[in-house]
Amino acid sequence: MLPPESETKRIAITFYTAPAPFDGAEGMRQKLAIHSWLHLDLRPDVVLMGRHPSLKTFAETLQPYVTVDSDIDITFMGNPMFHSMIGRVQASSSEIVVLIDPNLVLLNDFTAAITKVRAVDSNWLLVVKPIHTTIFPFELQGSSGSWLHSDGLYVEPDEVRKIVRQKGSSGDCYGPGLWAWNKADAQLHAGVIPPFVYGSGHHSEWLLTEALVSKYRTVIDGSDVITLVAPQHVASRIYNGDGALGRPWDVAGNRVLAMQYGSLYYRPADLSNVTVKLIKCGEKLRRGLCLYNRTDLLEACKPHNRKLRLAQKVDPQASRDWFKFSQWFGRSSSDRGVQALDCKTIASLTNEYVRCPRLTKKSIKVSELWLPFSLEALASRVASPDKVIILSVAGDSYRTMLMSWVCSLRRLNISNYLVYALDDELYQHAVSQGVPVVKSSQTMRVSRDDCHFGTKCFQEVTKMKSRTVLHLLQLGFKVLFSDVDVYWFQNPIQEMMAYGPGTLVAQTDQYNETEAANLPRRLNSGFYFAWSDRATVAAFVKIVKHAMTSNMSEQPSFYDTMCGLDGVYRVGDDKCVEPDTNVTAIFLDRRTYPNGASGNHWEQRDVRKSCEQQGCRVLHNNWVSGRERKLKRQIAAGLWDYDETTRMCVTHRKKVQS
């Protein structure tokens with residue numbers, strides 16, 4: 001139950017977080033954390049970033065204050081991608097945005113702190129490190145937001161804060177657990193965030209380093225006055241730079257990305273490098289909050305150990321330095337709040353820093369971008385309940401088109417796909433993007449310019465495709481094979497499965513609208529569905545054997561095997577029956593599964609509208625020569641779902657209203 005709307009709310013502030021599913025003990029911790037945010041005097045809006053159904057279920061109980069943003073990139077294991085999270089937060093229209101870990105409880109001292117920082121006359125970034133506790137025996141009760149101890153007694157918020165700070169521990173190497181910034185024109189940092197896996201280490205320290213190095217914003221450490229509580233048993237998973245409890249391949253991948261991109265390896269930074277701190281100040285440190293520059297004050301404290309009177313005559317040089325600093329923040333140099341701080345207090349606030357572990361080349365190799373799965377193991381993990389796998393095979397020359405294809409599947413909430421990489425370059429890129437990928441045991445160098453239709457490279461690649469499909473069929477998986485140049489408008493799996501076992505359902509490559517779809521050599525091997533029954537597997541073995549003895553690509557082998565030479569096994573205008581296995585090849589309707597030459601869609605001004613009005617399930621970007629022309633045509637048509645610069649899926653990415 002939430003408290004009534006506060007009449008004192010003046011700040012439009014939105015919290016963003018990427019929770020795990022709301023199950024078990026972690027689900028309970030997340031609920032407590034989110035309720036603590038909602039009970040702040042500011043009454044923020046909260047946006048849950050993710051796709052798990054439990055997020056929507058939880059948010060529905062707290063509408064309109066809590067909503068779900070599912071337009072976020074995730075790995076095939078369901079982990080959010082940190083760069084996508086930042087992208088969604090940046091799209092907010094809120095005056096102040098907060099990115100916070102879903103397990104962290106926030107006490108109401110945040111309200112005074114954010115109000116103080118909000119008055120800073122510059123672009124700012126507030127960071128707060130968590131306080132780790134072995135036990136947090138408190139629960140929020142009712143709309144009042146009162147804290148109830150496990151012994152049944154109500155506890156004042158100040159007492160909760162006191163207990164946490166006395167018994168908890170914090171360290172700079174944990175990195176920030178909360179980021180808050182004003183929505184001004186300035187970016188957080190220069191450059192682009194690598195595709196870190198959230199919760200697997202290094203992304204927080206990387207972002208902090210880039211923010212400090214870029215100097216686009218004033219970075220302020222609010223850890224001394226904002227009470228941010230983390231249970232110790234979840235802290236290492238979220239904050240440890242080594243990502244101790246993360247999946248090993250995600251942890252290793254984050255290390256590689258942190259070293260390869262940005263300044264973390266060369267100019268590492270942690271909270272000890274944040275010179276501007278928010279602290280309690282005034283008489284007995286109770287009158288208010290002050291911003292101070294740690295470096296300047298430490299320098300001013302060197303000559304003496306008595307009360308620091310920067311605005312008076314104790315140290316004229318320090319007074320001038322403070323005047324410059326205070327004016328920069330829009331404060332008066334006569335502010336007596338900071339004058340009440342003595343040098344001993346300042347020293348205690350600035351000597352707590354420790355040297356954090358740094359990245360080293362000895363411990364990091366590019367080869368650490370890996371997944372510990374065989375083809376069978378990965379297929380078993382991603383397959384749908386009815387054992388359907390969507391497969392694509394590609395090399396690095398089609399990297400961006402592959403990612404656009406992946407993004408189109410993600411947009412349709414399709415997760416039962418995997419990629420078979422033909423070379424190391426594509427494999428490592430796909431791993432870094434959270435794509436379920438297996439590297440071919442026979443890697444080949446796929447040239448960017450010499451592997452298009454009709455080339456020897458193209459022939460070798462296509463034969464690798466049919467062999468991989470056969471392997472999956474023999475493992476008992478049904479396979480929908482799709483080339484990466486097939487754009488998906490809808491999920492066609494149920495429609496294709498409806499034809500039943502003993503069928504090979506494929507797109508036709510017929511370009512002439514008035515001729516039969518199953519004329520010789522018109523079966524398109526770039527989009528088809530095969531069952532894993534004994535007869536279909538036997539037919540597929542024949543296709544693969546035929547292709548191995550051919551000096552052409554695999555596509556003619558599909559037709560010649562299923563329909564016979566010159567189409568002698570044709571049945572009607574859209575079928576063929578292979579006589580030895582009695583498997584039927586079914587040619588899909590050209591209206592709903594058009595190839596690149598049918599329907600004239602690619603010639604239309606609005607390709608998407610043309611295809612959607614006709615009910616297209618997919619649209620093949622074939623019947624065009626050369627990789628560059630294929631790319632240009634698809635991008636120009638607006639059928640492109642991936643931003644290579646940001647490495648994020650972009651289709652239907654909307655501005656979040658808050």
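The values are calculated or read from the model by the stated rules, or taken from the named source; none is laboratory data. Given the structure is predicted, the values throughout are model-derived calculations rather than measurements. Using ideal geometry, Cβ is built from the backbone for each residue, glycine included, and neighbour counts are taken over all protein chains shown. Ligands, DNA and RNA are excluded from the accessible area calculation, which covers all protein heavy atoms including side chains. Shrake-Rupley method; radii C 1.70, N 1.55, O 1.52, S 1.80 Å.
Computed values, structure above
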quantity: Residue in the range 475-486 that is surrounded by fewer than 17 Cβ atoms within 10 Å (Cβ to Cβ) and assigned by the TED database to the domain that holds N621 present; calculated: yes
quantity: Residues of the range 35-46 that turn out to be touching a helix residue (DSSP H, G or I) at 6+ places or on another chain (Cβ under 8 Å) and buried (at least 18 other Cβ atoms within 10 Å of the Cβ), as a count; calculated: 4
quantity: Residue within the range 15-23 that is under 24 Å from Q90 (Cα atoms) and part of a helix (DSSP H, G or I) present; calculated: no
quantity: Of residues in the range 589-636 being in contact with a helix residue (DSSP H, G or I) (Cβ under 8 Å, 6 or more places away or on another chain) and among the aliphatic types (A, V, I, L, M), the one surrounded by the most Cβ atoms within 10 Å (Cβ to Cβ); calculated: L619
quantity: Pair list, Cβ under 8 Å, 6 or more apart: the range 568-581 residue in the same structural domain as L519 (by the TED database), other residue open to solvent by less than 80 Å² (accessible area, probe 1.4 Å) and of a type in the set (K, R); calculated: E578/K542; D580/K542; T581/K542
quantity: Scope the range 184-225; condition part of a loop (DSSP other than H, G, I, E, B) and among the hydroxyl-bearing types (S, T, Y); matching residues; calculated: Y198, S200, Y216, S223
quantity: Number of the condition not met by A190 [criteria: (1) among the aliphatic types (A, V, I, L, M); (2) surrounded by fewer than 18 Cβ atoms within 10 Å (Cβ to Cβ); (3) under 17 Å from V105 (Cα atoms)]; calculated: (3)
quantity: Flag for V438 being in contact with a strand residue (DSSP E or B) (Cβ under 7 Å, 6 or more places away or on another chain), in the same structural domain as F481 (by the TED database), part of a strand (DSSP E or B) and surrounded by 20 or more Cβ atoms within 10 Å (Cβ to Cβ); calculated: yes
quantity: Single match in T67, T57 (criterion: open to solvent by 10 Å² or more (accessible area, probe 1.4 Å), under 29 Å from C407 (Cβ atoms) and assigned to a helix (DSSP H, G or I)); calculated: T57
quantity: Residues located in the range 551-572, provided they are within 16 Å of T468 (Cβ to Cβ) and either open to solvent by 10 Å² or more (accessible area, probe 1.4 Å) or modelled with pLDDT of 95 or more (or both); calculated: S553, Q555, S557, F558
quantity: Selection from the range 149-183 of residues that are open to solvent by 50 Å² or more (accessible area, probe 1.4 Å), in a helix (DSSP H, G or I) and of a type in the set (D, E, K, R); calculated: D158, E159, K162, R165, K167
quantity: Of all residues in the range 120-148 being over 13 Å from G168 (Cβ atoms) and among the polar types (S, T, N, Q), the one that is most open to solvent (accessible area, probe 1.4 Å); calculated: S144
quantity: A211 vs. criteria closer than 18 Å to S272 by Cβ and open to solvent by less than 10 Å² (accessible area, probe 1.4 Å); calculated: yes
quantity: So R51, is it free of Cβ contacts under 8 Å to residues at least 60 places away in the same chain, assigned to a loop (DSSP other than H, G, I, E, B) and either surrounded by fewer than 22 Cβ atoms within 10 Å (Cβ to Cβ) or in contact with a helix residue (DSSP H, G or I) (Cβ under 7 Å, 6 or more places away or on another chain) (or both); calculated: no
quantity: Failed item, numbered, when V431 is tested on (1) open to solvent by less than 50 Å² (accessible area, probe 1.4 Å); (2) at pLDDT below 95; calculated: (2)
quantity: Residue list for the range 517-550, restricted to those being open to solvent by 20 Å² or more (accessible area, probe 1.4 Å) and in a loop (DSSP other than H, G, I, E, B); calculated: L519, P520, R521, R522, W531, S532, D533, T549, S550
quantity: Selection within the range 506-547 - of a type in the set (D, E, K, R) and touching a residue at least 24 places away in the same chain (Cβ under 8 Å); calculated: D509, E513, R521, R522, D533, K542
quantity: Residue check, V46 in a strand (DSSP E or B), modelled with pLDDT of 95 or more, touching a Leu at 6+ places or on another chain (Cβ under 9 Å) and closer than 25 Å to L289 by Cβ; calculated: yes
quantity: D221 being at pLDDT 50 or above and among the acidic types (D, E); calculated: yes
quantity: Close pairs (8 angstrom Cβ cut-off, 6 or more residues apart or separate chains): buried (at least 18 other Cβ atoms within 10 Å of the Cβ) in the range 251-272, among the β-branched types (V, I, T) and assigned to a loop (DSSP other than H, G, I, E, B) anywhere; calculated: R255/I364; V256/I364; M259/I364
quantity: Number of the condition not met by G241 [criteria: (1) assigned to a loop (DSSP other than H, G, I, E, B); (2) modelled with pLDDT of 90 or more; (3) open to solvent by 10 Å² or more (accessible area, probe 1.4 Å); (4) touching a His at 6+ places or on another chain (Cβ under 7 Å)]; calculated: (2)
quantity: Selection count, the range 128-157, where residues are within 28 Å of L207 (Cβ to Cβ) and of a type in the set (D, E); calculated: 0
